[in-house]
Every structure is written in C-alpha cells, then in structure tokens.
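Some notes on the structure that comes next.
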Amino acid sequence: MELVFIRHGQSEWNAKNLFTGWRDVKLSEQGLAEAAAAGKKLKEKGYEFDIAFTSVLTRAIKTCNIVLEESDQLFVPQIKSWRLNERHYGALSGLNKKETAEKYGDDQVHIWRRSFDVRPPMMEDNNPYSARKNPAYRDVPVEDVPMCESLKDTIARTVPYFENEIKPLVMEGKRVFIAAHGNSLRSLIKYFENISDEEIINVEIPTGTPLVYEFDDDFKVINKYYLK
C-alpha cells in the first residue's frame, strides 16, 4: 500500500518570511513552479491516483490542482477539509518572523514555532485574519475554529480525520494523494512513524516535493522516500 503527499509549493508569505497559518495566501511564482515540477515528476514515475485530499487553503488547493493537471489527472476527485489546514499561528499570523524575534527574543519565538504543546498568543476576535469571519468555515461549529494552535492541537484534528476518512481508503488499496501543509503533514508523519514529541519538532518537510510512504498490511511503514 502506498500514500503520496506533498507540502504545498512556496507561498507568497513563505517568500516574505511571514507567519501564515490559516491566513489564505497564494503560491509564489516559485511555488507554482514547484507544484508543476512535482506533477511532472509523478507522471514520469507513473503515479496514478484514485482520490485526492487537501485543505481549504488556497495554496494547498492550487498545489493539488497543478500536480493533478501536470500529471494528466485533473479528473481525480478532490476532498477538501479544514482538518488538513496548517497549524493556526494565532496573533502571530501576518507578522514577520525576523521582526517578531527582535521584539520578543529568539528563544521565545523558537518556543512558539517549535515546541510541541506551547501555543502562540491567541488571536483576538476582531483580528481581520480571524477564520471565524471566513465563509470557508461557515459550516464548521464556531468552537471548532481555532484562534491559535500548538502542534499538539493540530495533531488532535489531523490524525482522527486521517484515521476516519483516509486510512480506510488506503487499506482498501485506493491510490491516495494528499496536498497539505508543513505542520499538518508533520502531524501525520509523527503518527505514521511513532516519532516522539521531542523529535517531531525537528522534522522538516520541503515545499513542493512529493513524499511517498509504503505500508505493510498492518499499516506499518516499510519504506519512505522523496521523489526528486
């Protein structure tokens, strides 16, 4: 059994070194090129998919679309879920990472960015970036729309979603593709590989590079590799 996923291509805010989280931003020119290259590579290697999953954020959706288009698979059904969204960076959303470190100190920003269970400052209700004002989440109970998240919080929504909606398809032999984000995919990697809370914060996932997991019949990882 195989599962292929990809972290979206570089976004405009990645390029500007801004905290993004649930803020809906577009892919940069580099990100568009990364997604196209990934689709071509998947086609070259003969990967075909039965279904695709992505978040409700534009940068992941666009990456998914481009990958499927470049691999001649735009017909593949796509399911979008907010549970695959990036981690919510709370009040840090939209701030420059370097300037934030200068204001609060490198150590504090490192804790906000890389600790497993420490949340960043909570976003205020009147923040223009609040997802609770976004029509993309109009069918989500307001109490489920976060105002900040730690990686632990992110795992609490991504892993159950994977177990309930995606894992059964993989176990049936469906060829599944997931286009998501650094922290939502890091959550799944932790789950797949049983990585400790301390070690997972050091796991890096490059943008726009397909990652293939192979599983045995008990859904244990037997191989993983990037397509480069």
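Out of all DSSP beta bridges in the chain, what portion is antiparallel? Express it as a percent rounded to 5.
Approximately 45 percent, going by the DSSP bridge assignments.
For the chain, the 222 nm mean residue ellipticity estimated from helices alone, with every DSSP H stretch of n ≥ 4 adding -39500 (n - 2.57) and the total spread over all residues, rounds to -10000 deg cm²/dmol. Close amide-amide hydrogen proximity is noted between Phe53 and Ile79, Phe177, Ile178, Ala179, each under 5 Å apart and 5 or more residues distant or on a separate chain (H modeled in the peptide plane; Pro and chain starts excluded). The distance separating the Cα centre of the range 143-161 from that of the range 116-134 comes to 12 Å. Other residues whose C-beta falls under 14 angstrom from the C-beta of Tyr225 contribute a net charge of +1, scoring Lys and Arg +1 and Asp and Glu -1. Near Leu95: Cβ cut-off under 12 Å, other residues only, Lys/Arg at +1 and Asp/Glu at -1. The net charge is +4. The share of Cα pairs per 10 Å bin across the chain, counted from zero up to the longest distance, runs 8, 34, 37, 18, 3, 0 percent. 3J(HN,Hα) along the range 144-160: 8, 8, x, 10, 5, 8, 8, 4, 4, 5, 5, 4, 5, 10, 6, 5, x Hz, from the Karplus curve 6.51 cos²θ - 1.76 cosθ + 1.60 with θ = phi - 60°, whole Hz, x for Gly and Pro. Ser11 sits among other residues whose Cβ lies under 13 Å from its own Cβ, and their net charge, with Lys and Arg +1 and Asp and Glu -1, is +1.
Taken one residue at a time, the phi angles of the range 48-59 give Karplus couplings (6.51, -1.76, 1.60, θ = phi - 60°) of 10, 10, 9, 7, 10, 10, 8, 7, 9, 9, 3, 5 Hz. Gly and Pro are set to x. Straight-line cross-link reach from Lys41 at under 16 Å between alpha-carbon atoms covers these lysines, not counting any fewer than eight positions away in the same chain: Lys228. A Förster radius of 41 Å combined with the Cβ-Cβ distance from Ser130 to Lys45 puts the calculated FRET efficiency at roughly 0.50.
All of the numbers you see were taken from the coordinates with simple rules; none came from a lab. Remember, predicted model here, so these are calculated numbers, not experimental data. Don't worry about glycine lacking a Cβ; one is built from the backbone with ideal geometry, like all the others, and counts go over all protein chains shown.
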